[in-house]
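See below for the structure under consideration.
The values are calculated or read from the model by the stated rules, or taken from the named source; none is laboratory data. Small disclaimer: the values here were computed from a predicted structure and weren't measured. As a convention, Cβ positions derive from the backbone with ideal geometry for all residues, glycine included, and neighbour counts pool all protein chains shown. All accessible areas refer to the heavy atoms of the entire protein, side chains included, with ligands and DNA or RNA removed. Shrake-Rupley method; radii C 1.70, N 1.55, O 1.52, S 1.80 Å.
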Amino acid sequence: MTYFVGAYTMCRVMNRTEMATNFPINELPIAVVQLPNGMVEAINLGCSVFLIEEDAVFWFLDAFIEMHDAARFRCSSKYFVVMLQSTGSDQPDVLDRVQTHPALENMPNFLLMVPRVGKFEFITNRFVGNSPMSSEYVLLDEYSIESDSFVYEENLFPDKLSDLMGKTIKVASFYLIPWFMMRKADDGIFTFRNRSYTADGSDGYFMILFCLRYNCTWELHVDEKNLYGQVFENGSGNGMFGALLDRSVDFAMGGVGSYYSLFQHFSTSKPVRWAAVTCLTTKPRLVPYWKYIFIVFSPSIWEILMVVAIVLTSCLFIANRRGSNYHDKGYTWIFLKVLKSLMLISADLYSSNASSVILITFLLIFSLIIGNVYIGQIHSILTLPPYQPSIDTVQELIASGLQLIERHPIWMYTISGSTNPRDQKLVAQFRAVSPEHMAAIVDNGREAILIALLESGYTMVADAINAQNIKHYRIMSEQLYYEYEVAYATKTWPLLDRIDQLSMWARDGCLFQYLEQIMVARYMNYWVQVAIEHSRERPHVVKLKKMAVEEISGALMVLGVGLSGATLAFLFENVAYCSFRIFKQFMTRKKICV
């Protein structure tokens, strides 16, 4: 039991028959599982050591894959001890059935306790190499009942994973710059469709490094149509994840993040490296020329000018209603004349009294100021044409309504289950397109293209982006999200710990960053990378500054003074008129009385 001191829980698997072995378990963390129930629950309790009775071994081996796929707890280093009780002619049959069971391909730490005359033999499967070599039995040690000791005192759980002796491991990936780029080679460490390949890219080189260190080969699975693929609600899948789900492969790697929606189906490695996702958005375009006449002033100024025109028209209409031409010069006529004055067009406004003269004088002064300010602003705009607002933040991207374009929905897996309203809007704006449509959309330059920011500072862009169409885009300042790249494996794959160990060494030595720089220089378009990097610099772009109310406050003050003066004159005129009329009526009555 000294081998299992670090185990969370040990499970004794039995089937309630007379063949069960008595076992001292008082001081050991053992969960007793009576088949056929409770096995998944025991695994979820952390069971990584299985003490299996003979009467339960075949049920356990048959259900091994299914029950581990159903469990939430993951541990790639598991130990299996099978205690046989059969003797005589039954024993070879049991050993043969166990030896040929496919579940043993996932059990490097497998130990058989075989009773012999006066001793116990401790046998394991070879595991290394390929079938039938991997299923061969190897005698580890013998325990003598007479001397109550081990004969050879060998390690009962030797390290079989340090040298896999050319074992073939099935892996899923696909051509993805700068992560995995396979190419034919006579002495390649990958086989694909019975041909030898090698691989470039940070993940490709890492897989080569893994097999050089542990003496293995890779059998490559590539789904060129579905790429990453998906896992559907009915338990089926396609692409890289589908191959892993139906166990066509043991391992998958290639620019994949850790996604919550896939966690229930697979085991994931420790983070390999950091990556972020952002967008190439359309560069700001010039404001259309027809908008210039409207965007010079802010909406508030246009509203004030309209109010001024109505107020002045009303004041002139009231001031001149006692004039002789009152019936000929109606409200509409006066309103049109005021508008002409505001537009610096000659307007023969009718002035029959002092209040209207004052009002018209200050109206002309106000119109002169506003008109010249407007003309000067127009000239400034024509000298340095303004641009439409740029899209630099996620909130601006959402407000723009642009669709987020890429070839596969995996770009949204990280935030697809988020309850954040911002993430939900991003998912709603995303659209996966075919490679043919992708090229047309990128050339058009009207949508947002998703790209990945690599740890070394470079960017991973779609193949459709080239030196010609990249000029339509600029990179956003803010990231949509970031994630850590991981590798995926089946829940029972025993080599995941070795993958984690090697990846952490590579990360500590900055190997992935070094490889990214080499692969970008070798496989990516240099001018595209330069154009994207320079788009970060944000050169001076003329942004239109609309005039605010404060900037015409002087002209409004002048108009206010004129309106005040005209009001006083109008009041004085009305008082004088009323006084003269009363005096005239008084004199008329006086003459009649005389």
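Condition check: of a type in the set (A, V, I, L, M), surrounded by 17 or more Cβ atoms within 10 Å (Cβ to Cβ), in a loop (DSSP other than H, G, I, E, B) and modelled with pLDDT of 90 or more. Does Leu402 satisfy that? Here the answer is yes, as Leu402 does meet what is asked.
Could you check how many residues of region 379-399 are open to solvent by 30 Å² or more (accessible area, probe 1.4 Å) and assigned to a helix (DSSP H, G or I)? Within region 379-399, residues that are open to solvent by 30 Å² or more (accessible area, probe 1.4 Å) and assigned to a helix (DSSP H, G or I) number 7. Every test in (1) in contact (Cβ under 8 Å) with a residue 24 or more places away in the chain; (2) within 28 Å of Asp148 (Cα to Cα); (3) among the acidic types (Asp, Glu) is passed by Asp62 save one, and that test is (2). Taking the residues in region 151-181 that are out of contact with any Phe, Trp or Tyr (no Cβ under 6 Å at 6 or more places or on another chain) and among the hydroxyl-bearing types (Ser, Thr, Tyr) as candidates, determine which candidate is nearest to Ala199 (Cα to Cα). Top of the filtered list is Tyr175.
Yes/no matrix, rows are residues, columns are (1) open to solvent by less than 20 Å² (accessible area, probe 1.4 Å); (2) on the phi > 0 side of the Ramachandran plot; (3) modelled with pLDDT under 75; (4) part of a helix (DSSP H, G or I):
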| position | (1), (2), (3), (4) |
| --- | --- |
| Pro271 | no, no, no, no |
| Val277 | yes, no, no, no |
| Trp302 | no, no, no, yes |
| Thr313 | yes, no, no, yes |
| Arg322 | no, no, yes, no |
| Asn325 | no, no, yes, no |
| Lys329 | no, no, yes, no |
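Count of region 67-90 residues, restricted to those that are in a helix (DSSP H, G or I) and closer than 30 Å to Ser162 by Cβ, is 3. Checked against the criterion of being in contact with a strand residue (DSSP E or B) (Cβ under 9 Å, 6 or more places away or on another chain), more than 22 Å from Ala252 (Cβ to Cβ) and either without any contact (Cβ under 8 Å) to a residue 24 or more places away in the chain or not in a loop (DSSP other than H, G, I, E, B) (or both), the candidates Val128, Val114 yield just one match: Val114.
Please specify each residue of region 144-186 satisfying the condition of being loosely packed, with under 12 Cβ neighbours inside 10 Å and farther than 30 Å from Tyr458 by Cβ. Listed by number, the residues that qualify are Glu146, Ser147, Asp148, Ser149, Tyr152, Glu153, Asn155, Asp159, Ser162, Asp186.
Yes or no: region 53-64 includes at least one residue that is modelled with pLDDT of 90 or more, loosely packed, with under 15 Cβ neighbours inside 10 Å and not aromatic (Phe, Trp, Tyr). Checked against the condition, which is being modelled with pLDDT of 90 or more, loosely packed, with under 15 Cβ neighbours inside 10 Å and not aromatic (Phe, Trp, Tyr), region 53-64 yields at least one hit. A residue that is open to solvent by 50 Å² or more (accessible area, probe 1.4 Å), over 27 Å from Ala521 (Cβ atoms) and assigned to a strand (DSSP E or B) cannot be found anywhere in region 249-265. Got at least one residue in region 282-294 being open to solvent by 20 Å² or more (accessible area, probe 1.4 Å) and over 41 Å from the mean Cα position of the chain (by Cα)? Looking through region 282-294, at least one residue is open to solvent by 20 Å² or more (accessible area, probe 1.4 Å) and over 41 Å from the mean Cα position of the chain (by Cα).
Assessment of region 414-428 against the conditions (surrounded by 18 or more Cβ atoms within 10 Å (Cβ to Cβ) and in contact with a Gly (Cβ under 7 Å, 6 or more places away or on another chain)) yields at least one matching residue. The set of residues in region 195-229 being at pLDDT 90 or above and open to solvent by 40 Å² or more (accessible area, probe 1.4 Å) consists of Arg195, Tyr205, Leu209, Leu212, Arg213, Asn215, Thr217, Glu219, His221. Checking every residue in region 432-451 against the condition of being under 20 Å from Val231 (Cα atoms), open to solvent by 20 Å² or more (accessible area, probe 1.4 Å), at pLDDT 90 or above and not in a loop (DSSP other than H, G, I, E, B) gives at least one match. Reported count of residues in region 182-235, each being more than 26 Å from the chain's Cα centre (by Cα), among the small types (Gly, Ala, Ser) and assigned to a loop (DSSP other than H, G, I, E, B), is 2.
Do we have Arg74 as open to solvent by 20 Å² or more (accessible area, probe 1.4 Å) and modelled with pLDDT of 90 or more here? Here the answer is no, as Arg74 does not meet what is asked.
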